[in-house]
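The values are calculated or read from the model by the stated rules, or taken from the named source; none is laboratory data. Keep in mind it's a predicted model, so treat the numbers as computed, not measured. With ideal geometry, Cβ positions are generated from the backbone for all residues, glycine too; neighbour counts draw on all protein chains shown.
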Amino acid sequence: MSHALAGAAVVGIGRSPFVRSSGRTTLSMAAQAAREALADCGLTAADVDGFTCYSTGDSAGPSQVAHAIGVDDLGWSLSVLGGGNIVTSTVAGAAAAVLSGQAEVVVVYRVLGSQTRYGRALERVEVDGEGQFAGPHGYLVPPQWFAMYCRRHQYEYGSTAADLGAIAVQERDHAVRNPHAVARSPITLDDYLNSRWISEPFRLFDCCYEIDGAVAIVVTSAERAADLPHRPVHLLGAADSNRFGGSVDQWDDLSCMYSRDTAPRLWSRTGLRPADIDVACMYDCFTFTVMATFEDFGFCAKGEVGDYFRAGRATYGGDVVVNPHGGLLSEGYIHGLNHHYEAVLQLRGDAGDRQVSGAETALVTSGAGPFGGALVYGTAAL
Amino acid sequence: MAADPLSLPPQPVPDAVTAPFWAALAEGRLAMCRCGQCGLWLQPPLERCRRCAGPTRFVDVAGTGTVYSFIVQHRATVPGYLDDLPYVVALVELDEQAGLRLPARIVGVDPAAVHCGLRVRAEFADLPGGEFTVAVFRPVDSR
């Protein structure tokens, strides 16, 4: 029961270039990533019978992308509405489809085109739903929501701008070794502190780098994975938590996030602990998302993340390497599916200059605020 | 003036459940959704109580509360406030129930003087655009 997902594995990964403005359609980029992911594992369109993606209604759907790469009859097609909060459910859902026999080979993708930029809403004329209470006050976009969380954490635990900066600087330092990252120039703490305010307490370097691009991963059974070219990356377990109907404002304790509830569930299902994790791909729409979830997953106590990063414990030679690719802050924002790509690359031992030596387990988190999830990949099934 | 689409903040689109919230504000009252059966306050509002499924209605609140958290918005990211940067938005925890929060502008105070725990009181302002009234909050000890 607790290891029920361990019969599934990620066998292929693919992606398009990550750029600020591609001039391409979401269908073109998603098809490229899907083709590359299949080629990576030596499979063809004829082998694929499942396709799934998550989106906020902003991308080409699974049936279209499957058709575009030459799949003739898709047996399982699922388009999930959601963002960072739903990545884990989508990937674990693909694994469940494989394990329950609804599909044999599933492509999971996320694509973002230039029409999608979550950090600004200057074209919004009207707001419905819960946004109608906030939008008229000039409060409508994620950097504002999570700056609100960050402020409360600073109030309760005394965390500082320098603590957030330590995360931004560390992730950028990692991105320097990642040729696929969009932001590869090193930054110092002073650069961080001198970057302009966006939504105080967030500065520019607290915010992820929104870009165009696509990522695809191929999920199949561990049994089938054994016959494919790469070392399979096994899914060891996944967990999600959703509270307050997804309301960022009504979530009960803004100094923490969904991970408060997800973490014990994940550790219980996998039998693992933070000390067992070699690579942590922490969802980092903002620096503070890393801070809150890192505490919630139990890597350190409340208010200690800044010291943890400054002491070198979140990088090579430390306790766990956090976002070796540079994360959404520096590699670029592909809504967290690029974290899965990186985790697979690291566990295969194929990460080149930024390889975490001896990496056997990777935690991948997704989401912020009242909902999200996380899963663990491993080089061997539990 | 009206030709500039960035000059107006996003306008609310009331629905069957939220319409009484906006109607009350138009009359200069701040009213929140409350279960008529068990008394639970609900935000965002629901047609039926999430705890006991009882019918809900909008009930006037005192309009006093505490700043639970806040941001100072320096960068224009939402239309309507481009000439008013930086501005302060808070999650105001209303006195009626722990955790019952409303996002709102904080007015009449230097952004540097706003802090978590600040006591505030609602007042009413016309939302630029003409059709709606919003509740903004001002520190209780300021004039």
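Examine the range A:44-52 for a residue that is touching a helix residue (DSSP H, G or I) at 6+ places or on another chain (Cβ under 7 Å), surrounded by fewer than 19 Cβ atoms within 10 Å (Cβ to Cβ) and of a type in the set (D, E, K, R), and state whether such a residue exists.
No, because not a single residue in the range A:44-52 is touching a helix residue (DSSP H, G or I) at 6+ places or on another chain (Cβ under 7 Å), surrounded by fewer than 19 Cβ atoms within 10 Å (Cβ to Cβ) and of a type in the set (D, E, K, R).
With the structure loaded, tell me whether A:Asp173 is under 21 Å from the mean Cα position of the chain (by Cα) and more than 23 Å from A:Tyr118 (Cα to Cα) or whether it fails that test.
So A:Asp173 passes the test.
Count, please, the residues in the range A:109-136 that happen to be assigned to a loop (DSSP other than H, G, I, E, B), without any contact (Cβ under 8 Å) to a residue 40 or more places away in the chain and either crowded, with 17+ Cβ neighbours inside 10 Å or of a type in the set (Ser, Thr, Tyr) (or both).
Residues flagged as assigned to a loop (DSSP other than H, G, I, E, B), without any contact (Cβ under 8 Å) to a residue 40 or more places away in the chain and either crowded, with 17+ Cβ neighbours inside 10 Å or of a type in the set (Ser, Thr, Tyr) (or both) within the range A:109-136 amount to 3.
So, A:Val290, is that one in contact with a helix residue (DSSP H, G or I) (Cβ under 6 Å, 6 or more places away or on another chain), over 23 Å from A:Ala181 (Cα atoms) and buried (at least 24 other Cβ atoms within 10 Å of the Cβ) or not?
The answer is no for A:Val290.
For A:Leu140, are the conditions met, namely being facing chain B (nearest Cβ under 7 Å) and at pLDDT 95 or above?
The answer is yes for A:Leu140.
If you scan the range A:3-23, which residues turn out to be at pLDDT 95 or above and touching a helix residue (DSSP H, G or I) at 6+ places or on another chain (Cβ under 6 Å)?
A:Ala8, A:Ala9, A:Val10, A:Val11, A:Gly12, A:Ile13, A:Gly14, A:Arg15, A:Ser16
On the given criteria, is B:Thr18 within 17 Å of A:Pro136 (Cα to Cα) and touching a strand residue (DSSP E or B) at 6+ places or on another chain (Cβ under 9 Å)?
yes
Can you spot a residue in the range B:12-21 that is within 9 Å of chain A (Cβ to nearest Cβ) and farther than 21 Å from B:Arg105 by Cβ?
Scanning the range B:12-21, I find at least one residue that is within 9 Å of chain A (Cβ to nearest Cβ) and farther than 21 Å from B:Arg105 by Cβ, so the answer is yes.
Between A:Ser199, A:Ser255, which is surrounded by 24 or more Cβ atoms within 10 Å (Cβ to Cβ), within 14 Å of chain B (Cβ to nearest Cβ) and not in a helix (DSSP H, G or I)?
A:Ser199 is the lone residue from the list that is surrounded by 24 or more Cβ atoms within 10 Å (Cβ to Cβ), within 14 Å of chain B (Cβ to nearest Cβ) and not in a helix (DSSP H, G or I).
Could you please find all residues in the range A:306-339 being crowded, with 24+ Cβ neighbours inside 10 Å, hydroxyl-bearing (Ser, Thr, Tyr) and outside any helix (DSSP H, G or I)?
Within the range A:306-339, just A:Tyr333 meets the criteria.
Filtering the range A:229-252 down to residues that are small (Gly, Ala, Ser) and within 14 Å of another protein chain (Cβ to nearest Cβ), which residue is farthest from A:Leu5 (Cα to Cα)?
Residue satisfying both the conditions and the ranking: A:Ser247.
Under 7 Å between Cβ atoms, at least 6 apart or on separate chains: pull out the pairs that start in the range A:149-165 with a residue that is part of a loop (DSSP other than H, G, I, E, B) and crowded, with 24+ Cβ neighbours inside 10 Å and end on any residue that is at pLDDT below 95 and not charged (D, E, K, R).
none
Filtering the range B:61-119 down to residues that are facing chain A (nearest Cβ under 9 Å), in contact with an Asp or Glu (Cβ under 7 Å, 6 or more places away or on another chain) and touching a residue at least 12 places away in the same chain (Cβ under 8 Å), which residue is farthest from A:Arg203 (Cα to Cα)?
By that ranking, first place goes to B:Leu100.
Across the range A:137-148, which residue is surrounded by the most Cβ atoms within 10 Å (Cβ to Cβ) among those that are under 25 Å from B:Phe132 (Cα atoms) and in contact with a Phe, Trp or Tyr (Cβ under 6 Å, 6 or more places away or on another chain)?
A:Gly138
Going through the range B:105-135 one residue at a time, which ones are among the hydrophobic types (A, V, I, L, M, F, W, C), buried (at least 20 other Cβ atoms within 10 Å of the Cβ) and farther than 13 Å from B:Pro12 by Cβ?
B:Ile106, B:Leu118, B:Val120, B:Ala122
Could you list, in sequence order, the residues of the range A:325-362 that are under 16 Å from the mean Cα position of the chain (by Cα) and farther than 21 Å from A:Ala9 by Cβ?
If the condition is that a residue be under 16 Å from the mean Cα position of the chain (by Cα) and farther than 21 Å from A:Ala9 by Cβ, then A:Gly326, A:Gly327, A:Leu328, A:Leu329, A:Ser330, A:Glu331, A:Gly332, A:Tyr333, A:Ile334, A:His335 are the ones that fit.
Out of curiosity, is A:Gly298 without any contact (Cβ under 8 Å) to a residue 12 or more places away in the chain, in a loop (DSSP other than H, G, I, E, B), more than 14 Å from every other protein chain (Cβ to nearest Cβ) and under 23 Å from A:Ser159 (Cβ atoms)?
Spelling it out, it is not the case that A:Gly298 is without any contact (Cβ under 8 Å) to a residue 12 or more places away in the chain, in a loop (DSSP other than H, G, I, E, B), more than 14 Å from every other protein chain (Cβ to nearest Cβ) and under 23 Å from A:Ser159 (Cβ atoms).
Table: residues versus (1) of a type outside the set (Lys, Arg); (2) under 30 Å from B:Pro20 (Cα atoms); (3) over 23 Å from the mean Cα position of the chain (by Cα).
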| site | (1), (2), (3) |
| --- | --- |
| A:Pro136 | yes, yes, yes |
| A:Phe146 | yes, yes, no |
| A:Arg177 | no, no, no |
| A:Leu189 | yes, no, yes |
| A:Ser195 | yes, no, yes |
| A:Glu200 | yes, no, yes |
